[in-house]
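The values are calculated or read from the model by the stated rules, or taken from the named source; none is laboratory data. Everything numeric in this text was worked out from a predicted model, so none of it was measured. Note that we place each Cβ from the backbone using ideal geometry, even for glycine, and neighbour counts take in every protein chain shown. With ligands, DNA and RNA removed, areas are computed over all heavy atoms of the protein, side chains included. Shrake-Rupley method; radii C 1.70, N 1.55, O 1.52, S 1.80 Å.
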Amino acid sequence: MSFIVAIDGPAGVGKGTIAKVVAEKFNLINIDTGATFRCVTLEMLNKNIKLDEEDKIIRLLTEINIEIKKVEGEDIVLLNGKDVSLEIRTPKVNEFVSPVSTLKIVRENLLHLQRKMSEGKNVIVEGRDIGTTVFPNADVKIYLDATPEERARRRVKQNIEKGIECSYEEVLESVKNRDKIDSSRETAPLKRAEDAIYIDCTKISLEELLNRVFEIIEEKM
Ligand code: DC
């Protein structure tokens, strides 16, 4: 038996931060599905594969090996055995990842991988379509939301902490652009599942948000 917490919401809303703390508190494995799309994107960029080169994308998907591992308390992302945790978060990948994630073939392939990564485990899975498509029967479904301006402000802060250079205007534009692509795509768009608990995090503190999420999970466990 496994216990599944699904966390969905737009770019930069804080899903990653929440998932990390919740995973530690409830001893769950944290699965960042965005990282899987980012790995495919990075590999396409490295191999100079364009969005319409379906044969090349199919080959890439059969050859690629994506793993998320815990090393010294940190989740690291391995692409064909190489640690790409930082490389998958550069502006170049940010720009290209939403278009890549609209591709049906990529989504189908990664859907299997995301389910396999979670099989038989107690997990917290974060993304855009977890409550609607990847785990429609998840035990807990939470949808986090915030204004694009607030999300851009948080992303800039996060990037600075990670040593990634960026400007607020650039990040805001990228956030808005990704919202548009993520919510309007045909396959598994960013959408709140009907039975997901909606939390607007624009004005609440991280502490308040965490307490709310803890309560929701404790009730279901
Ligand atoms: O959560 P993130 O910012 O790392 O996600 C990067 C991109 O991946 C996002 O713009 C859309 C896509 N994505 C998706 O389509 N479905 C998911 N479950 C997770 C991410």
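Is it true that some residue in the range 74-90 is in a helix (DSSP H, G or I), open to solvent by 70 Å² or more (accessible area, probe 1.4 Å) and away from the ligand (no atom under 11 Å from the Cβ)?
Scanning the range 74-90 turns up no residue that is in a helix (DSSP H, G or I), open to solvent by 70 Å² or more (accessible area, probe 1.4 Å) and away from the ligand (no atom under 11 Å from the Cβ).
Could you please tell me which pairs satisfy a Cβ distance under 8 Å, a separation of 6+ or placement on different chains, a first residue in the range 113-125 that is more than 19 Å from N27 (Cα to Cα) and open to solvent by less than 50 Å² (accessible area, probe 1.4 Å), and a second residue that is away from the ligand (no atom under 12 Å from the Cβ) and not aromatic (F, W, Y)?
L113/I66
Condition first: surrounded by 20 or more Cβ atoms within 10 Å (Cβ to Cβ) and at pLDDT 90 or above. Now tell me which residues in the range 91-100 satisfy that.
Once the filter is applied, which keeps residues that are surrounded by 20 or more Cβ atoms within 10 Å (Cβ to Cβ) and at pLDDT 90 or above, the range 91-100 yields V97, S98, V100.
Looking for something among the basic types (K, R) and farther than 25 Å from A138 by Cα - is there at least one such residue anywhere in the range 111-118?
So far as the range 111-118 goes, no, none of its residues is among the basic types (K, R) and farther than 25 Å from A138 by Cα.
Please enumerate the residues belonging to the range 15-33 that are open to solvent by 20 Å² or more (accessible area, probe 1.4 Å) and either closer than 20 Å to K220 by Cα or in contact with a strand residue (DSSP E or B) (Cβ under 9 Å, 6 or more places away or on another chain) (or both). Break it down into steps so the answer makes sense when it comes.
Step one: list which residues in the range 15-33 are open to solvent by 20 Å² or more (accessible area, probe 1.4 Å), which gives 16-17, 20-21, 24-27, 29-30, 32.
Once the filter is applied, which keeps residues that are open to solvent by 20 Å² or more (accessible area, probe 1.4 Å) and either closer than 20 Å to K220 by Cα or in contact with a strand residue (DSSP E or B) (Cβ under 9 Å, 6 or more places away or on another chain) (or both), the range 15-33 yields G16, K20, V21, E24, K25, F26, N27, I29, N30, D32.
Would you mind telling me which numbered condition in (1) within 13 Å of the ligand (Cβ to nearest atom); (2) in contact with a Cys (Cβ under 9 Å, 6 or more places away or on another chain); (3) modelled with pLDDT of 95 or more L103 fails?
Condition not satisfied by L103: (2).
Given the residues I142, I181, I217, I160, which is the only one that is of a type in the set (A, V, I, L, M, F, W, C), in a helix (DSSP H, G or I) and within 16 Å of the ligand (Cβ to nearest atom)?
Unique residue meeting the criteria: I181.
So which residues in the range 140-167 are open to solvent by 60 Å² or more (accessible area, probe 1.4 Å) and at pLDDT 95 or above, if there are any at all?
Once the filter is applied, which keeps residues that are open to solvent by 60 Å² or more (accessible area, probe 1.4 Å) and at pLDDT 95 or above, the range 140-167 yields only E149.
Tell me, which residue of the range 179-221 that is farther than 26 Å from I4 by Cα and under 19 Å from the mean Cα position of the chain (by Cα) is most open to solvent (accessible area, probe 1.4 Å)?
K180
Considering only the range 64-73, how many residues are outside any strand (DSSP E or B) and in contact (Cβ under 8 Å) with a residue 24 or more places away in the chain? Reasoning before the result, please.
Going through the range 64-73, the residues outside any strand (DSSP E or B) turn out to be 64-65, 72-73.
Add one more test, that the residue is in contact (Cβ under 8 Å) with a residue 24 or more places away in the chain, and what stays is 64.
Of the residues in that region, 1 qualify.
Take the residues in the range 58-78 that are in contact with a Lys or Arg (Cβ under 9 Å, 6 or more places away or on another chain) and among the aliphatic types (A, V, I, L, M); name whichever of them is farthest from L110 (Cα to Cα).
Keep residues of the range 58-78 that are in contact with a Lys or Arg (Cβ under 9 Å, 6 or more places away or on another chain), which gives 60, 75-78.
Okay, now just the ones that are also among the aliphatic types (A, V, I, L, M), so 60, 76-78.
Details: L60: 12, I76: 18, V77: 15, L78: 15 Å.
Going through the qualifying residues, I end up with I76.
Filter the range 11-40 for residues that are part of a loop (DSSP other than H, G, I, E, B) and within 16 Å of K69 (Cα to Cα); which is farthest from the ligand (Cβ to nearest atom)?
Going through the qualifying residues, I end up with N27.
Please work out which one of (1) farther than 20 Å from P91 by Cα; (2) within 12 Å of the ligand (Cβ to nearest atom); (3) aliphatic (A, V, I, L, M); (4) buried (at least 19 other Cβ atoms within 10 Å of the Cβ) is the condition V175 fails and give its number.
So the condition that V175 fails would be (1).
Given (1) under 29 Å from N109 (Cβ atoms); (2) free of Cβ contacts under 8 Å to residues at least 12 places away in the same chain; (3) polar (S, T, N, Q), where does N211 come up short, assuming only one miss?
(1)
Could you please find all residues in the range 145-157 being hydrophobic (A, V, I, L, M, F, W, C) and part of a helix (DSSP H, G or I)?
Initially, the range 145-157 is screened for residues hydrophobic (A, V, I, L, M, F, W, C), giving 146, 152, 156.
Within the range 145-157, A152, V156 meet the criteria.
Looking at L110, L61, L51, L45, which one is part of a helix (DSSP H, G or I), open to solvent by 30 Å² or more (accessible area, probe 1.4 Å) and in contact with a helix residue (DSSP H, G or I) (Cβ under 8 Å, 6 or more places away or on another chain)?
Going through L110, L61, L51, L45 in turn, the sole match is L45.
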